[in-house]
Structures are given as C-alpha cells and as structure tokens.
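Chemist: Okay, here's the structure, questions in a sec.
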Ligand code: S3P
C-alpha cells in the first residue's frame, strides 16, 4: 500500500488511528513527534523551550523528506506540520494526505490532562482550542486529499472508513 500521511489538529486521534492502521493493515508507523524527540534526546516541550518553534519545524521538514523512501507506512504528523508550505509539499510526495477532524469539545476532552503540547500551554479551553483550530483550518483543508470526521467514531471504524475511501479514490 502507498504511504498514508495523517494530519490534523492536536487531539484528533492521529496517533491512535496510526496504531490501529498498523494493526489492521500491517503498516509501519513513523510517529513524527516521537522520532524527533528520540533523535534530539529531548521531549517536544523541551525542544520548543530550548530552540524555539522554527527549529522544531525544520526537524519536521527534514523527517518528511526522509520518509519519502518508505512504503506501506503511516506517517503521523505533529498537529502543526502543515503550517509550513514546504512541509505540505513534502507530504504530498510521500503519499495520500488524510485529515482527521474533531470538534473543539472532543479535542479538549482528549488533551486536557496532558502537558506535552507547548502550543496549548495556557490556552487549554474549548474557546481557545476552537479559535486556534479556525486559524489553521484553511491550511489543513488545503493539504488534505481526504477528510475524516472522528467525533463519536471508534478507531477501527475510522480506519475502515479511511481505507475504504482511499480505495474508492484510486478506482
Ligand atoms: C503541535 C502539535 C503537537 C506537536 C507540537 C506542536 C502543533 O503534535 O508536534 O506540540 O503546533 O499543533 P500532536 O498533534 O501530535 O499533539
């Protein structure tokens, strides 16, 4: 299978869906945040604090270029990877770009107990999540080949829908 690039706001289920795709369709996973943290020997908040967002986005670009040699792989992008035009161009060379969406309320429920997302520091509430989502919406939508809404769906349901719709696109 071609690579699948999962994009979407924080808390839309990219990591969960990647794991599920990997189990159901024997795909490899590149979890971008995890690879970056491992390579730098630092957590994502530490990288942001020490070197800033621009540095982090450069690491994302480099990893997206590297991932082009992969096949049968799910590339799970950090929520902000689409903010840079170059990243979107590199994603498109990797395979099909799938956007996961969720309502601000659902995102809030999923992110409220974790502190590993520096972008949400001090704005972890439904209103500010909705605002940031709206600011980014155009970029997400422009990057996506396919959009999947995830509210009230289980991970296996999302995976099945994703594969079914990708196959239909290829017909
Ligand atoms: C970010 C999303 C995070 C992570 C970093 C920045 C963003 O990834 O890459 O904290 O700008 O939206 P997740 O979407 O996996 O939480």
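Each value in this text was obtained by applying a stated rule to the coordinates, not by laboratory testing. Keep in mind it's a predicted model, so treat the numbers as computed, not measured. Positions of Cβ are backbone-derived with ideal geometry, glycine not excepted, and every protein chain shown enters the neighbour counts.
Chemist: Would you work out if the stretch 1-128 is rounded, prolate or oblate? Take a ≥ b ≥ c from the square roots of the eigenvalues of the alpha-carbon gyration tensor; rounded if a/c is under 1.5, else prolate when a/b is larger than b/c, oblate otherwise.
Modeler: Verdict is oblate for the stretch 1-128.
Chemist: Shifting gears a bit: Take every Cα pair under 8 Å in the chain that's 6+ residues apart, average their separations, divide by the length, and report that relative contact order as a whole percent.
Modeler: Relative contact order of the chain: 34 percent.
Chemist: Moving to a separate point now. Suppose R0 equals 25 Å; then what is the FRET efficiency for residue 121 and residue 38 from their Cβ-Cβ distance, rounded to the nearest 0.05?
Modeler: 0.65
Chemist: Find the centroid of the Cα atoms in the stretch 104-130 and in the stretch 73-90, then give the distance between the two in whole Å.
Modeler: So the separation of the two Cα centres works out to 20 Å.
Chemist: Rounded to the nearest 500, what is the 222 nm mean residue ellipticity of the chain from helices alone, with -39500 (n - 2.57) per DSSP H run of 4+ residues and division by all residues?
Modeler: -17000 deg cm²/dmol
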